[in-house]
Amino acid sequence: MKQKVKFILNHKPVEMEVYPEERLLDMLRDDFHLTGTKEGCSVGECGACTVIVNGKAVTSCLMPALSVEGKEVLTIEGVGANGELDPVQKKILEFHAVQCGFCTPGFIMSAKALLDENPDVTLEEIRRAISGNLCRCTGYEQLAQAIYSASLELRK
Amino acid sequence: MLTIKNYVKAESLEQAYELNQKRSAKVLGGTLWLKIGNRNVQTAIDLSNLGLDKIEETESTFKIGAMTTLRQIEKHEGLNAYTNGAVKECVRHIVGTQFRNCATVGGSIFGRFGFSDVLTCFLAMDAYVELYPTGIVSLEEFAKMPYGNEILVSLIVKKKSMKIAYETLRREATDFPVIAVAVAKWDETYHVSVGARPAKAAVVAVDAIEDAAEIAGKFTYGSNLRGSAEYRQHVAGVLIRRLHQRLEEK
């Protein structure tokens with residue numbers, strides 16, 4: 001039997017009825033049709049499913065949908081505002097840190113969670129923060145440099 | 001695959017305990033390990049409304065609520081000052097930040113998993129668990145207990161004049177450990193905890209660490225795809241010696 005969940009999704013109050021075992025990832029993609037968040041491994045290892053819940057990056061492929069009752073959920077679709085890209089997004093483009101793009105939403109969410117909490121971070125802290133996100137294409141260096149550049153921008 | 005018939009956010013420990021008496025019920029921690037298993041759960045019990053996601057520090061104790069995440073203990077300044085960064089070290093290899101923002105101390109401790117860095121590290125300290133309705137039990141005793149239907153409320157660490165260090169061997173970053181070791185000195189005694197044997201962590205107390213290999217020999221080891229029993233025992237001895245040296249330098 002489905003149960004109701006009410007929460008804030010990308011700055012707007014929403015509610016949905018879901019089966020109890022439904023994951024946050026399933027609800028976002030299948031019920032809200034927000035397909036920017038990806039399913040890479042289903043076991044929380046690759047980070048492609050990363051979204052931000054109450055300011056913290058989480059693995060939506062393992063999180064029950066019903067657990068976000070009353071919380072604020074931000075997906076890649078909610079990043080940036082009024083047609084403007086977020087600094088992290090701009091820098092990822094500027095540093096050519098995208099190839100196939102599958103991992104990119106997850107990296108952006110991990111980076112945004114880190115920099116929203118504190119933009120004054122070192123490159124080493126950035127590497128650690130994104131260590132839960134896997135990329136088969138870029139080799140990570142451009143991603144780390146792009147996020148570091150975004151952090152410098154945000155400190156201004 | 002995990003199926004759930006009914007999802008309940010418990011309003012009290014009593015309600016959570018009552019619901020958990022049925023064999024088909026399950027308490028949800030971070031739901032990380034549960035979600036990738038095969039289980040039919042009649043009632044999933046969510047403890048997130050019970051205020052168990054805090055770390056309370058007093059002059060004599062740390063009380064870490066069962067729903068505290070691994071990321072919270074990783075970043076807690078007081079806990080890491082007390083343990084010389086050992087708590088931060090014991091969780092920093094666990095998958096990634098977003099995973100640690102979901103995984104709970106309660107899930108790690110109650111699960112008594114063989115691979116648990118958290119259990120290994122805290123077992124070397126003067127640590128206890130608070131169970132509802134049972135009460136306070138030493139972590140060492142709890143680690144040996146079979147799974148029961150009580151609710152894990154908090155992990156309590158009594159402050160001592162303590163030095164502690166933690167180290168693991170992993171084949172790759174963010175992988176499960178091949179072997180995990182914590183060495184702590186408090187009350188004039190060394191407390192050596194070895195986990196990922198691959199069995200769950202166990203602890204021995206010794207007056208001195210003169211022969212680390214001999215102390216490593218006090219534990220039992222097994223073989224699996226990450227390493228042989230002999231290799232694990234050998235590396236446990238190496239890590240005990242290194243951690244002992246590290247404590248002596250402090």
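Rule-based calculations on the coordinates, nothing more; no lab input. Because the structure is predicted, anything quoted here is derived from the model rather than measured. Every residue, glycine as well, gets a Cβ built from its backbone with ideal geometry; the counts of neighbours run over all protein chains shown.
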Going down the list A:56/B:160; A:4/B:35; A:91/B:88; A:12/A:71; A:2/A:112, which pairs span over 23 Å between their C-alpha atoms?
A:56/B:160; A:91/B:88; A:2/A:112
Selection of trypsin sites (Lys or Arg not before Pro), segment B:164-209, meeting DSSP coil and at most 12 other Cβ within 10 Å
B:171
Using unit Cβ charges (K, R positive; D, E negative) and no other charged atoms, how large, in debye to the nearest 20, is the dipole of chain A about its Cα centre?
120 debye
How far is helix B:229-249 tilted off the main Cα axis of chain B, in degrees rounded to 10, range 0 to 90?
70 degrees
Do you know the relative contact order of segment A:25-96, to the nearest whole percent, from alpha carbon pairs under 8 angstrom that are 6+ apart?
25 percent
Overall form of the protein assembly as shown per C-alpha gyration tensor (a/c, 1.5; a/b vs b/c)
oblate
At residue B:220 and residue A:43, where each label point lies 7 Å from the Cα along Cα→Cβ, what is the point-to-point distance in nanometres?
2.7 nm
Treating the angle as unsigned and between 0 and 90°, give the value, to the nearest 10°, between the Cα long axis of helix A:104-117 and the longest Cα principal axis of chain A.
80 degrees
What is the magnitude of the charge dipole of segment A:1-88 about its Cα centre, with +1 placed on the Cβ of each Lys and Arg, -1 on the Cβ of each Asp and Glu, and no other charges, expressed in debye to the nearest 20?
160 debye
Step through the residues of segment A:53-60 one at a time and calculate ³J(HN,Hα) from phi using the Karplus curve (6.51 cos²θ - 1.76 cosθ + 1.60, θ = phi - 60°), rounding each to whole Hz and writing x for Gly and Pro.
10, 6, x, 10, 5, 9, 8, 6
Charge dipole (the protein assembly as shown, unit charges on Cβ, about Cα centre) - positive-most of B:72, B:1, B:101:
B:1
Quick one: putting +1 on the C-beta of Lys and Arg, -1 on the C-beta of Asp and Glu, what dipole do you get for the protein assembly as shown around its Cα centre, in Debye to the nearest 20?
600 debye
Among chymotrypsin sites (Phe, Trp or Tyr not before Pro) in segment B:97-184, those in a DSSP loop whose Cβ has at most 11 other Cβ atoms within 10 Å are B:147
For B:104, B:83, what's the fewest-to-most ordering of other Cβ within 10 Å of each Cβ?
B:83, B:104
Mean separation of Cα pairs under 8 Å and 6+ residues apart, divided by the residue count of chain B: what relative contact order is that in percent?
16 percent
What FRET efficiency would be calculated for the residue pair residue B:38, residue B:6, taking the C-beta separation as r and a Förster radius of 22 Å, to the nearest 0.05?
0.75
Along the charge dipole of segment A:18-156, pointing to its positive end and built from +1/-1 on Cβ of Lys, Arg, Asp and Glu, which listed residue (A:24, A:147, A:63) has its Cα farthest out?
A:147
Segment B:1-78: GluC sites (Glu not before Pro) in DSSP coil with no more than 12 other Cβ atoms inside 10 Å:
B:11, B:59
Note down the nm distance, to one decimal, between modelled labels 7 Å out along Cα→Cβ at residue B:13 and at residue B:230.
4.9 nm
So, in nm, how far is label residue A:120 from label residue B:189 when the simple model puts each one 7 Å beyond its Cα toward the Cβ?
4.5 nm
Rounded to a whole number, the mean other protein chain Cβ count within 10 angstrom for residues of A:42-48 is 5
Which cysteines does chain B leave without a neighbouring Cys Cβ under 4.7 Å?
B:102
